[in-house]
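Undergrad: One structure, pasted below without further comment.
No value in this document is a laboratory result; all are computed from the given coordinates. Predicted model, so just to flag it, every value in this text is computed and none were measured. Positions of Cβ are generated from backbone atoms using ideal geometry, with glycine treated the same way; all protein chains shown enter the neighbour counts.
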Amino acid sequence: MSRRSLLGASAAGLVGLASLRALGQPVASNPQAAVTPAATARAKNLIWLIADGMSVGSMSVMEDYLRVNSATAPSAWRDLLNRRGTRHGIMGTHSFDSPVTDSAAASSAFSTGMKHRNGSLCVGPDGEEFRPFFQMARANKRRVGAVTTTTITHATPAGFYATIPARRQERDIARQLVDARLDVALGGGSQFFSPELLALAEREGIRVVRTATELQRVDRQSSAPVIGLFNESHLSYAMERRPGEPSLPAMAVWAMERLSQPRDGTDGFVLQIEAGRIDHSEHNNDAGALVQECLEFDATLAAVMRWADARNDTLVVVCSDHATANPGTVVYGSKGHEALRSLKKFMHSFEWVLEPVGREADIAKRVALLASRVKEATGVELDTDAIARLRDAYGGSWVHPSSARRNIVTLLGDIMVEHTGVGFNSGDHTSETVPIIASGPGAESLPGAIDNTDLHNWVKVQTGLTSNA
Ligand SMILES: [Zn+2]
């Protein structure tokens, strides 16, 4: 499909698109997904939760886990879906150059309403630079914030404040974050902030905090921008949280309270909250970490809804940016129940299991070390067949058919299916449509099927944000 025909397929009449189309910028959205303005009052605040890599399968696994492990209340996810006034649908996620998107192109689509190449952040296929969502929201007098469990310079948050051709340039993205002066920016990634950059940030009145305690000590009335860097890399998985690292619900609550403080010249806020490591656990085919990351996301959703329920001016949008590895509970009968019950005893992620293993040069010793780490992390004793498969994989005589670069970890995931009850279709993203939920003013007009670029336009209409500001 040529650029021109992609342009021709854009949704006519969407806010701000006509002029962008005239500039020859890429749009590939569904013309049927008409966006109708809300009849009710517009939302002053927008809270946009993105569960990275989450599919309906991810949440189904979490719900299977909850049911088998005697949950007494429904998940926040199910509760939200069942509410009067909540709307939900499905969303297409393809990028400019691929049926399967990456997080950078997906975040840029939410951010700008345009399709982007995988890997790029708000830079179009011909190098055109787009204004990211937070800068547009700022021009509309909104306070802005991002909260994530990944590095704060990772694709999903960065797509809302950075304009850069390659997502891997996280040092440059860190500089752009400081320049963007978000009111709140909380996550990991301190390795990408040089001492010089942090000194510059502090000279410019930005508070930089490193622990949950330091964050709680920040004066909530002050209007200084805050950058929280709680890990040199991503925040730890919820199951392995280190002292000093805040949870995602804690960061979300802090951000909502801070952003709702009135400030001169602003009215309302936009907050992106990313549960970023659901995706990582799925890339690793790691069911134990997946369930805990989904529960962390669910607890965050509960906290956000408690906050939003107490007011009538906040639109909450909950979605995923793409599916990853399409997890599902795949073991029948009592064995399936047993496996889901045993997930409760998993203490560590596959990342933790594999961390020291690659340093062991001798293959037999390496496999033995891996088996003992699996036992320590999960309580599972690998059988001789599993040991033989791992030995073959390390010896190079076996490669995972869909995802060679992740062969050991996805093989481990495959070996563990009978112990976890959870299977995965690969170690990579898929093009599956993802769930989208809206609650609050304007939610009733959410289309049942929407494209990620059209979601940008829909959200702007409901919140009164305009690209002309
Ligand atoms: Zn993603």
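Undergrad: Take Ile164, Ile50, Ile387 and order them by how many other Cβ atoms sit within 10 Å, fewest up front. Kindly include the intermediate steps, with their values, before the conclusion.
TA: Values: Ile164 21, Ile50 27, Ile387 16.
With the sparsest Cβ surroundings first, the list reads Ile387, Ile164, Ile50.
Undergrad: Give the average over all directions of the projected area of the C-alpha convex hull of segment 66-133, one decimal, in nm².
TA: Numbers: hull surface 27.8 nm².
Its Cα hull, projected and averaged over all orientations, spans 7.0 nm².
Undergrad: Within the chain, which DSSP H helices have Cα atoms that stretch 24 Å or more along the helix axis and a mean Kyte-Doolittle hydropathy of at least 0.5?
TA: On the way: long enough: 287-309 (32 Å, 0.60).
Qualifying helices: 287-309.
Undergrad: Using the per-residue mean of other Cβ atoms lying within 10 Å as a proxy for protection, in what order, highest first, do the peptides 177-190, 100-113, 456-469, 237-250 fall? Each step should come with its number before you reach the end.
TA: On the way: 177-190: 23.6, 100-113: 27.6, 456-469: 20.2, 237-250: 18.1.
Ranked by mean Cβ neighbours within 10 Å, highest first: 100-113, 177-190, 456-469, 237-250.
Undergrad: Further question on the same structure: Estimate the FRET efficiency between Ala368 and Asp97 by the formula 1/(1 + (r/R0)^6), using the beta-carbon distance for r and 51 Å for R0, to the nearest 0.05. Don't jump to the answer; show the numbers that get you there.
TA: Working: r = 44 Å, r/R0 = 0.86.
Once the sixth-power term is evaluated, E becomes 0.70.
Undergrad: Greater than 31 Å separation of Cα atoms is the criterion. Which listed pairs, Lys115/Lys345; Lys44/Lys344; Lys345/Lys365; Lys335/Lys375, meet it?
TA: On the way: Lys115/Lys345 42 Å; Lys44/Lys344 41 Å; Lys345/Lys365 26 Å; Lys335/Lys375 19 Å.
Over 31 Å Cα-Cα: Lys115/Lys345; Lys44/Lys344.
Undergrad: With a 10 Å Cβ neighbour count serving as the proxy for reagent exposure, in which order, fewest first, do Arg143, Arg341, Arg366 appear? Before the final figure, lay out each step's value.
TA: Values: Arg143 26, Arg341 14, Arg366 19.
Going from sparsest to densest Cβ surroundings: Arg341, Arg366, Arg143.
Undergrad: Which distance in nm do the two modelled labels at Arg84 and Ser431 give, with both placed 7 Å along the Cα-to-Cβ direction?
TA: 4.1
Undergrad: Using only the Cα atoms, what convex hull volume per residue in Å³ does segment 344-420 have?
TA: Working: hull volume 6.9 nm³, N = 77.
Expressed per residue, the convex hull around the Cα atoms of segment 344-420 is 90 Å³.
Undergrad: If one computes P(r) from the Cα atoms of the chain, what percent of pairs lie at distances over 43 Å?
TA: 13
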